[in-house]
Amino acid sequence: MSGFRMSLGTAAPPATSDDAATFQKLLADMSGTKESIKQAKEWLLQRPDKAETFAKALQKHVMNNPGFQKLLFAVYLLNDIFFAARTKDDPFRRSFAPVLSDIIRGASKSAKDDASREKLVKVIELWGAKKVFNSEQIDELKVAAKNEPQPVATVQDQRCDLSTIPVGVMAGLVKGALN
């Protein structure tokens, strides 16, 4: 049993001034049991103001490639957090959404087979069924989970509402393009 889990007991991890480092340690020591994920979730939910810090820390954790199981545990933790937060505008969804594809892709790359990747897909499908994220986000996450190449944006995908560009800026763009 790790020293971290032993210090957890039924309470939160030891107090620290560096929540990102504590979160990194929590991720590294997480055993994947319901209890360890629940304790991690409770610790995180007490710190919604640090959600962006935790998203960056998880992204760093993925880059360190701790192995598929540890990354799957992190996805299970996110699942619990997203459902506990209950609103689409909560700080955890807002903070983790921009890095979620990277997290899922990192887990998928470390998976040894398609059966492991399917575990990620099942969580993503649950998020889709419960409308945790919109259908475009779910599709993007499924691509990441299956470790498929990311679609290349085409010119048609790049739309811009020209009415939002100030007239002076637009005039300068047109003048520059004509010269």
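The values are calculated or read from the model by the stated rules, or taken from the named source; none is laboratory data. All values reported here derive from a predicted model rather than from experimental measurement. Please note: Cβ atoms are built from the backbone with ideal geometry, for glycine as well, and neighbour counts cover all protein chains shown. Keep in mind that these areas ignore ligands, DNA and RNA; they rest on the heavy atoms of the full protein, side chains included. Shrake-Rupley method; radii C 1.70, N 1.55, O 1.52, S 1.80 Å.
Comparison of F83, F73 shows that the only residue that is out of contact with any strand residue (DSSP E or B) (no Cβ under 9 Å at 6 or more places or on another chain) and surrounded by 19 or more Cβ atoms within 10 Å (Cβ to Cβ) is F73. Does F54 qualify as being modelled with pLDDT of 95 or more and either open to solvent by 10 Å² or more (accessible area, probe 1.4 Å) or farther than 18 Å from K146 by Cβ (or both)? So F54 fits the description; yes.
If you go through the stretch 86-118 and keep only what is under 19 Å from N65 (Cα atoms), surrounded by fewer than 16 Cβ atoms within 10 Å (Cβ to Cβ) and of a type in the set (K, R), you end up with K109, K112. Taking the conditions exactly as written (out of contact with any Asp or Glu (no Cβ under 8 Å at 6 or more places or on another chain), outside any loop (DSSP other than H, G, I, E, B) and modelled with pLDDT under 95), does A74 satisfy them or not? Here the answer is no, as A74 does not meet what is asked.
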